[in-house]
Amino acid sequence: MNGRNVDVLTFDTAVFDRDGKLVSGRHSPLDLRLTDEKLQQLLLSGINVQTSFELSPGTYGIREVIQDTETKKSSALTCSIEVP
């Protein structure tokens, strides 16, 4: 599209309490329209995306699933956090 690399990344974030119950979630699409130069930079450096949730003190599990809508490739990360 006009000399740009067009794609959409979707970020699905879920927060679970210590019993595995879903506390909160968010679906966030990121529209990309990158020049060839910017695309090459991002392929080398990666991309940083932030999201935030208001949580009570405790231990939580975070599950992040990212999908490239063009290639249908996806990646996921699961981790635990402690909110003081």
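Structural remarks
- Net +/- balance of residues flanking residue 33 in space, Cβ distance below 11 Å, scoring K and R +1, D and E -1: 0
- Gain on full stretching of the segment that runs from residue 53 to residue 40 - 0.36 nm per residue minus C-alpha separation: 1.5 nm
- Inter-label distance, residue 11 to residue 33: 2.0 nm, where each label sits 7 Å from its Cα along the C-beta direction.
- Net charge, residue 7 excluded, C-beta distance under 15 Å - Lys, Arg +1, Asp, Glu -1: +1
- Each residue of region 55-70 is assigned a 3J(HN,Hα), and the resulting list reads 10, 6, x, x, 9, 9, x, 10, 10, 10, 10, 10, 10, 8, 5, 6 Hz, derived from the Karplus form 6.51 cos²θ - 1.76 cosθ + 1.60 (θ = phi - 60°), x at Gly and Pro.
- Region 37-84: C-alpha gyration tensor shape, a/c 1.5 cut-off, then a/b vs b/c: prolate
- Relative to the dominant Cα principal axis of the chain, helix 36-45 is inclined by about 30°.
- Hull shadow area, averaged, the chain [alpha-carbon convex hull, nm²]: 6.5 nm²
Every number in this text was worked out from the coordinates using simple rules, so none of it is lab data. On a predicted model such as this, the values are computed, not experimentally measured, just so you know. Cβ coordinates were reconstructed from backbone atoms using ideal geometry, including for glycine residues, and neighbour counts include every protein chain displayed.
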